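Below is one structure, written out as structure tokens, with a few remarks after it.
Read-outs throughout are calculated quantities, based only on the coordinates presented, and are distinct from any laboratory measurement. Remember, it's a predicted structure, so these values are computed and weren't measured experimentally.
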Amino acid sequence: MECVFGLVGNGFAIVAADTSAVHSILVHKNNEDKIMLLDSHKLIAASGEPGDRVQFTEYVQKNVSLYQFRNGIPLTTAAAANFTRGELATALRKNPYSVNILMAGYDKEAGASLYYIDYIATLHKVDKEHSVTAHTSLSPRWTGTSAVTCPLKKPLNWSRLVIAPPNFVIKIVDKDGARTHAWRQSVQDVTTASV
């Protein structure tokens with residue numbers, strides 16, 4: 001089970017994702033970063049088939065960079081979310097991507113925002129919190145420090161789930177830009193060669 005969730009606070013947005021790369025019942029990797037930087041003030045987190053997730057998020061990242069290169073100004077978070085929705089809608093009619101996306105960003109005029117885009121190209125601006133796979137109830141009144149220290153530590157201990165993801169990466173975006181906040185790891189990625 002993959003899990004990506006986020007919340008918007010006063011002047012910031014936080015996105016967290018599990019770090020498991022799975023196929024069926026096999027876990028291939030425990031340190032996969034599913035949150036990508038789109039530009040200095042935007043994050044895109046995705047869950048879904050690993051090939052579709054990587055290919056589509058890289059495609060969006062390169063096109064957002066191309067827009068900024070051609071026009072000299074970056075896309076707003078809302079414009080990047082609408083571009084992403086449009087590309088998913090176009091692909092839906094040809095060769096659909098199996099991805100669900102949370103896009104977080106910070107714009108000078110609009111502040112922090114969070115958008116949810118599902119695999120059938122439905123776009124929603126989310127004001128408080130949202131989860132791609134499991135709904136978590138988080139207070140919208142957190143400050144930057146308490147949002148990371150209080151609610152993000154507690155929901156990550158999901159021992160009641162049948163398949164509980166053990167490791168998470170947490171990234172934050174605010175007026176200072178997008179950055180990795182923490183890796184919460186309880187299982188290390190072990191790569192050993194069998195003889």
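For a test of the definition: using alpha carbon positions, the gyration tensor, and the 1.5 limit on a/c, classify segment 53-119 as rounded, prolate or oblate. Oblate is the answer for segment 53-119, as a/c is 1.5 or above yet b/c matches or exceeds a/b.
With θ taken as phi - 60° and the Karplus curve 6.51 cos²θ - 1.76 cosθ + 1.60 applied, the whole-hertz 3J(HN,Hα) list for segment 95-108 is 9, x, 8, 9, 9, 10, 10, 10, 10, 10, x, 10, 10, 4 Hz, x standing for glycine and proline.
Residues whose amide H comes within less than 5 Å of that of Val126, counting only those at least five positions distant or on another chain, are Leu114, Tyr115, Tyr116 (H built at 1.01 Å from N in the peptide plane). 3J(HN,Hα) along segment 50-67, derived from phi through the Karplus expression 6.51 cos²θ - 1.76 cosθ + 1.60 where θ = phi - 60°, amounts to x, x, 5, 4, 5, 5, 6, 5, 5, 4, 5, 4, 5, 6, 5, 5, 4, 4 Hz, with x in place of Gly and Pro.
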